[in-house]
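Written out below as structure tokens is the structure these notes cover.
The values are calculated or read from the model by the stated rules, or taken from the named source; none is laboratory data. Model, not experiment: these values are computed from the prediction. With ideal geometry, Cβ positions are generated from the backbone for all residues, glycine too; neighbour counts draw on all protein chains shown.
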Amino acid sequence: MAVAELVKEYSLDEALETLHKNGKVLSKYQNFIGGKWLPPVKGKYFVDHSPINGEPIAEIAKSTPEDVETALDAAHAAKKAWAHTSPAARAALLNKIADVMEENLEILAIAETIDNGKPIRETRNADVPLSIDHFRYFASCIRAEEGALSEIDNDTVAYHFKEPLGVVGQIIPWNFPLLMAAWKLAPAVGAGNCTVIKPASNTPLSLLVLMGLIGDILPPGVLNVITGPGGEIGKALASNSRIAKIAFTGETTTGRLIMQYASEPIIPQTLELGGKSPNIFFADVMDKDDEFFDKALEGFALFAFNKGEVCTCPSRALVQEDIFDKFLERAVARVAKIKVGNPLDPTTMMGAQASHDQLEKILGYIDVGKKEGAKCMTGGKQAHIGPDFEKGYYVQPTVFAGHNKMRIFQEEIFGPVLSVTKFKTLEEAIEIGNDTVYGLGAGVWSPMAPTAIAWVAKSRPAACGRIAITCIRRAQRSAAISSRATDAKPTRSFWSIISRPRTCW
Ligand code: NAD
């Protein structure tokens, strides 16, 4: 069976069998260090399960701090030559990586879907294409970079140029395993750094498959992948004095730990953490039952995109009081149309939560919402999609109506659970929107651009870094994200994050 035909069959066993036969996905993975696969020093492995049906899909190296040191040895051995490789040569290699990914898009998409549980229509059309685009984007950036001069006095100028940091550590979450890896790898490696990267234990597969495809493109030691428990090897990496920087994406609580680890040897950090983003609907969205209103309903339903496992998930909806009931009736009907199903079925809109722990956490929060007295408008239960999937991790898209002080409004659930409340005025929408410990994204919906823009303007200084006006999800590389708690995501200004300026005069 050809790889492209796999998803028509949409059985996990058949998909795995064909991927294994095809030789680009293995059933057992070691660490990728110094350009080759190396067994973990202590010889231990753990089993990676598919959220689709809870079945094992691969054995993965369970590394220990000794493996972190081996990976750092390889990175340090490579750093000088890589830092002296010309930007044009580095860019050519990034472009080559992108080309190989494109040739293998289907394999990467299936690997991501079976490991993370996200629908194949998303991995094919978003996760993998956007990851490819990151390598091309940063290949362009590094070639376009120019230094700057400043005049000190009549006889003296200072010239500034960027140089790589050396060896960096990178820790990836499980919600967009390949895309988050690409976000970190492309700028770091492109800027001339060597890296040791650790995927999340639940979702290591796509990055390992990627290394099988691109492992020989970069010089040995430039890109090293180690797998294993975050609390052990993540800590060993983030606290290691042999890294010049740690980049972390994950939960806010883990981010706090990373700051602590890195504070002892004073390692600079870039942290990308959690969110509880408001999606704000002004009354005039219902002035007409037109295309715009339909778009607003779609924006409402996007809390279920990627099963709600998105940092900028619009997980709170704020609806203006005058339209609250009638808006909610239409919006809930729209949510009920979301097709939850086998992630390998191309018609599935919402797949399986990424792990059993996450399933339990979400069901726990649904229980909290009910006990807090929030009104469950739809969903509110585990989803059962068929006898072959009973051990998979599925949740019904769930909408609660309540008030912003409830825990389900304040805490990041990271699942398909939306908490809806009402507001009277623009000022109140700002107050409620900003009233969480998070601040990452926001969406504002009104056909009257001035209303939406007024929200943006009046909410300054904004508690969140990315505000979408009448569109909630545009993940283009050239749009930065920043938040109350975290650094900006690198766009072209990535140089300030992944390199250090040098001044000479
Ligand atoms: P997590 O914090 O559990 O894990 C993230 C990574 O850290 C994993 O690789 C994990 O193994 C590792 N880790 C865990 N404990 C560690 C420790 N003590 N020391 C070092 N490393 C450790 O996060 P997650 O559950 O994988 O990801 C979901 C979270 O990520 C959500 O909160 C989400 O909002 C956030 N996120 C943020 C962004 C953003 O750009 N702001 C993007 C994606 C995800």
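Return the residues of region 199-215 that are within 14 Å of the ligand (Cβ to nearest atom) and of a type outside the set (Gly, Ala, Ser); say none if nothing qualifies. Let's see the steps before the verdict.
The first filter runs over region 199-215 and keeps only residues within 14 Å of the ligand (Cβ to nearest atom), leaving 199-208.
Answer for region 199-215, where residues must be within 14 Å of the ligand (Cβ to nearest atom) and of a type outside the set (Gly, Ala, Ser): 199, 202, 203, 204, 205, 207, 208.
Report yes if residue 320 is modelled with pLDDT of 95 or more, buried (at least 18 other Cβ atoms within 10 Å of the Cβ) and over 23 Å from residue 413 (Cβ atoms), otherwise no.
Working: modelled with pLDDT of 95 or more: yes; buried (at least 18 other Cβ atoms within 10 Å of the Cβ): yes; over 23 Å from residue 413 (Cβ atoms): yes.
So residue 320 fits the description; yes.
Would you mind telling me which numbered condition in (1) of a type in the set (Lys, Arg); (2) surrounded by fewer than 18 Cβ atoms within 10 Å (Cβ to Cβ); (3) in contact (Cβ under 8 Å) with a residue 40 or more places away in the chain residue 90 fails?
Among (1) of a type in the set (Lys, Arg); (2) surrounded by fewer than 18 Cβ atoms within 10 Å (Cβ to Cβ); (3) in contact (Cβ under 8 Å) with a residue 40 or more places away in the chain, residue 90 violates only (2).
Being under 21 Å from residue 116 (Cβ atoms) and more than 17 Å from the chain's Cα centre (by Cα) narrows it down to one residue among 301, 283, 247, 296; which is it? Break it down into steps so the answer makes sense when it comes.
Numbers: 283 fails: under 21 Å from residue 116 (Cβ atoms); 247 fails: more than 17 Å from the chain's Cα centre (by Cα); 296 fails: under 21 Å from residue 116 (Cβ atoms).
Result of the check over 301, 283, 247, 296: 301.
Failed condition for residue 214, given (1) within 23 Å of residue 85 (Cβ to Cβ); (2) touching an Asp or Glu at 6+ places or on another chain (Cβ under 6 Å); (3) not hydroxyl-bearing (Ser, Thr, Tyr), with all others met?
Every condition holds for residue 214 apart from (2).
Any chance region 294-312 includes a residue that's of a type in the set (Val, Ile, Thr), assigned to a loop (DSSP other than H, G, I, E, B) and more than 15 Å from residue 399 (Cα to Cα)?
So in region 294-312, the residues of a type in the set (Val, Ile, Thr) come out as 310, 312.
With assigned to a loop (DSSP other than H, G, I, E, B) added as a condition, the list becomes 310, 312.
Okay, now just the ones that are also more than 15 Å from residue 399 (Cα to Cα), so 310, 312.
The answer is yes; a qualifying residue exists.
Give me the pairs, please: first residue somewhere in region 169-193 and among the small types (Gly, Ala, Ser), second residue anywhere and assigned to a loop (DSSP other than H, G, I, E, B) and within 12 Å of the ligand (Cβ to nearest atom), beta-carbon distance under 6 Å, and either six or more positions apart or on two chains.
Filtered contacts from region 169-193: 181/172.
Output the residues belonging to region 216-264 that are within 8 Å of the ligand (Cβ to nearest atom), among the polar types (S, T, N, Q) and either closer than 17 Å to residue 199 by Cβ or modelled with pLDDT of 95 or more (or both).
Selection gives 249, 254.
Does at least one position in region 352-359 carry a residue that is of a type outside the set (S, T, N, Q), buried (at least 24 other Cβ atoms within 10 Å of the Cβ) and away from the ligand (no atom under 13 Å from the Cβ)?
Going residue by residue through region 352-359, those that are of a type outside the set (S, T, N, Q) are 352, 354, 356-357, 359.
Restricting the remaining residues to those that are buried (at least 24 other Cβ atoms within 10 Å of the Cβ) gives 352, 354.
Pick out the ones that are also away from the ligand (no atom under 13 Å from the Cβ) and you get 352.
Checking region 352-359: at least one residue is of a type outside the set (S, T, N, Q), buried (at least 24 other Cβ atoms within 10 Å of the Cβ) and away from the ligand (no atom under 13 Å from the Cβ).
May I ask you to verify whether residue 329 is surrounded by fewer than 21 Cβ atoms within 10 Å (Cβ to Cβ), touching a strand residue (DSSP E or B) at 6+ places or on another chain (Cβ under 7 Å) and at pLDDT 95 or above?
Details: surrounded by fewer than 21 Cβ atoms within 10 Å (Cβ to Cβ): yes; touching a strand residue (DSSP E or B) at 6+ places or on another chain (Cβ under 7 Å): no; at pLDDT 95 or above: yes.
Here the answer is no, as residue 329 does not meet what is asked.
Spot the failing condition for residue 208; the list is (1) farther than 20 Å from residue 118 by Cβ; (2) buried (at least 20 other Cβ atoms within 10 Å of the Cβ), and only one is missed.
(1) is the only condition that residue 208 fails.
If you scan region 8-34, which residues turn out to be assigned to a strand (DSSP E or B) and either of a type outside the set (D, E, K, R) or modelled with pLDDT under 85 (or both)?
Initially, region 8-34 is screened for residues assigned to a strand (DSSP E or B), giving 28-29, 31-33.
29, 31, 32, 33, listed by residue number.
Identify all residues within region 35-63 that are under 24 Å from residue 17 (Cα atoms) and not in a loop (DSSP other than H, G, I, E, B); write none if there are none.
37, 45, 46, 47, 48, 49, 56, 57, 58, 59, 60, 61
Scan region 140-170 residue by residue and report those that are of a type in the set (A, V, I, L, M, F, W, C) and under 30 Å from residue 354 (Cβ atoms). Explain how you work it out, then say what you get.
Quick first cut of region 140-170, residues of a type in the set (A, V, I, L, M, F, W, C) only: 141-142, 144, 148-149, 152, 157-158, 161, 165, 167-168.
The answer is 167, 168.
Name the residues in region 16-30 that are surrounded by fewer than 18 Cβ atoms within 10 Å (Cβ to Cβ) and polar (S, T, N, Q), would you?
Residues of region 16-30 that are surrounded by fewer than 18 Cβ atoms within 10 Å (Cβ to Cβ), as a first pass: 17, 20-24, 26-28.
Result: 22, 27.
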